[in-house]
Structure formats: C-alpha cells, structure tokens
Amino acid sequence: MRSDEICLIFMVWTNLVELKRPQRRTEVAIAGFPGVANVGGQVQSYLRSKLNGEPIARLYSEHLLLPGNVAGILIEPNGEFSLPSIDFNLVTNKKGDPFILVHSHVQPLPWGQLEIAHQCIDYLEGLGVKRIVIVTGFAKSEDVGKVLVFGNDQEIVRRVKEAGGIENREIKTIIGLAGAFLATVKKVGGISFVSLTGVAEDSSYYDPRASRSVLEILNKVFDLGVDLRDLDEIIERLEKIRRKVLEELESQLSKPSEEESPSYVG
C-alpha cells in the first residue's frame, strides 16, 4: 500500500450463539427467508410449528436490522423480546432423520448478505450438512401453485420433479439472503444445493397456495409427514373472502348509476 493511500476497515459486530449441539450429524438443511409473497418465510414458520423445531443456534449481527433499516427488538406475544437473528432449528422427519431449518424474520443489509451467508454456511458445514434446499417465492398469476426447481444436487432435483416440481426456465435472478446462500454454497463447495420456488399470484402479499405447494413437495421428497390441514383451512377461508369481494364488486358494477338511468318512460 502506498504512503498516500488510506485503508479504512470497518469492524461489524457479529455473534453466533450455539444453544445446543445436535448429537447426530445432520446432512440436510432447509432454508427460507422473507421475500416474494413471503413464501420462504411462511414455509419455514409452518415447518417449525408442525415439526416442533428445537432452537440450536442464533446468529446476531449489525447487518440484521428491523424493516426500515432501524435497530430494535422483536417482541413476542408473551412479552419476551430478542434482537433480529438468523435462527437454526433442529427437526426430524417420520423416520427420525434430523434436518436443520434456517430462517429469519428479517433480511440483512445488502452489503452484509454475503458475509452473513458465509457464516451460516460455515456453521452448517460444521454440523455435517452436505445438502441444502433454499425456498423462495415467485409471482406469476397464471402459474399459481406451481413449484420451480433447479440446482446441482441431481438426486433431489429428480425427486422434486417426480413429486410434481417443474424445472426452472423462468427465474432469472434470486435476490436477498436466499440468493446470497446459493452464491456462497456454489463458491465454497462441499454442500450441494437446490432452489425450490413456490409460484404466487402477487409478490406483495402472502399467498398460502404457493407455500402449500412447496410444503407438499418437501413432504414427498423428505418424508417430513407435515400435516397440511391447517393450511388448507386458511386457503379455504381466503377463497371465500375473495369470492365474496368479487361478488360484491360485480354487483356494484352491474347497478346503473343515477346518471346512467334511462330518461324515457313507456
């Protein structure tokens, strides 16, 4: 470095807290984060709930802020609170095989996404993870409920396609932590990857149909045994609301206004 050059080094606070070390090596991880139609986040939330996810580690960082890029805490219904984090949960399928779920309520700052992804992948490798499935969302109204797949783990890709998945020919970019995870895994090597994308009607709101399609395929591929009836009830309620709104809208549009009322009699 020349004498007239100035080197600025910014130290970012990051801390991975391991709560419990799994007793068995875990070969498969499933990751999902807030994103398009929140498919990744909702799939993770449902899996943790139905499979009784056991927290094993949390990654805290200055790169992890609340929506709006502000520092703060997340408050639970019982009054407890915590810093935003990347959470790791241990679950098992019907056969007792262990899986790691990786999720977060927030996205890292753009310039910290690759750093966060590297630290997460390093931790997963230390647990013995050899394969990772990244769950994302995509919006295309005419393809709602479809699941798109690509990756370098040919066995899982094949099983996903046999379960009803479609090889991706549409998605051109994957942003946020999901994209950073995929880029990091490919760069580092040692872990094979699969991208699993649920297609939603719109990118701006949660579409349970997309999440259900992904969960159904994960059930078939990994024998998770997750009960989807609660999600089916949510979908049914939302469909009833949708139909009612459309019926009311059609009714209003079919009524002639005073200005459109006929001016003749007979």
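Throughout, read-outs are computed from the coordinates displayed, never taken from laboratory work. For clarity, every value in this text was computed on a predicted model and none was experimentally measured. Ideal geometry is used to build each Cβ from the backbone, glycine not excepted, and the neighbour counts take in all protein chains shown.
Can you give the charge dipole size of the range 78-172 about its Cα centre, rounded to the nearest 20 debye, using +1 on the beta carbon of Lys and Arg and -1 on the beta carbon of Asp and Glu?
380
Hey, can you rank 125-133, 186-194 by average C-beta count inside 10 Å, highest first?
125-133, 186-194
Just one of [x] 197; [y] 140; [z] 234 is volume of the Cα convex hull per residue in Å³ as worked out from the coordinates here. Which one is it?
[z]
Arrange the peptides 175-183, 91-99 so that the one whose residues have, on average, the most other Cβ atoms within 10 Å appears first.
175-183, 91-99
Using label points projected 7 Å from each Cα along Cα→Cβ, tell me how many nm separate Asp97 and Asp223, to one decimal.
0.7
Please find the FRET efficiency linking Trp111 to Glu170, where r is the Cβ-Cβ separation and R0 is fixed at 35 Å, and quote it to the nearest 0.05.
0.80
Given +1 on the Cβ of Lys and Arg, -1 on the Cβ of Asp and Glu, and no further charges, what dipole in debye does the chain carry about its Cα centre, rounded to the nearest 20?
So the magnitude is around 1100 debye.
Which value in Å does the Kirkwood hydrodynamic radius of the range 64-160 take, with 1/r averaged over all unlike C-alpha pairs and then inverted?
Result for the range 64-160, one decimal place: 16.5 Å.
What's the ranking of 79-90, 226-237 by average number of surrounding C-beta atoms within 10 Å, highest first?
Final packing ranking: 79-90, 226-237.
Okay, helix-only estimate at 222 nm for the chain: each DSSP H run of n ≥ 4 adds -39500 (n - 2.57), divide by all residues, round to 500 deg cm²/dmol; what do you get?
That calculation yields -11000 deg cm²/dmol at 222 nm.
Count the net charge of all other residues whose Cβ sits under 12 Å from the Cβ of His118, scoring Lys and Arg as +1 and Asp and Glu as -1.
Combined, the nearby Lys, Arg, Asp and Glu give -2.
Could you check the spin-label model distance between Leu16 and Leu238? Points 7 Å from the Cα along Cα→Cβ, value in nm.
Using points 7 Å along Cα→Cβ, the separation is 3.4 nm.
Provide, as a two-decimal number, the C-alpha radius of gyration of the range 147-236 over 2.2 N^0.38 Å, N being how many residues it has.
The range 147-236 yields a ratio of 1.15.
Within the range 150-187, what residues put their amide N at less than 20 Å from the label point 7 Å along the Cα-to-Cβ vector of Glu125?
Taking a point 7 Å out along Cα→Cβ of Glu125, the residues of the range 150-187 whose backbone N falls under 20 Å are 152-154, 177-187.
Under a crude label model (7 Å from the Cα following the beta-carbon direction), how far is Arg24 from Glu62 in nanometres?
4.1
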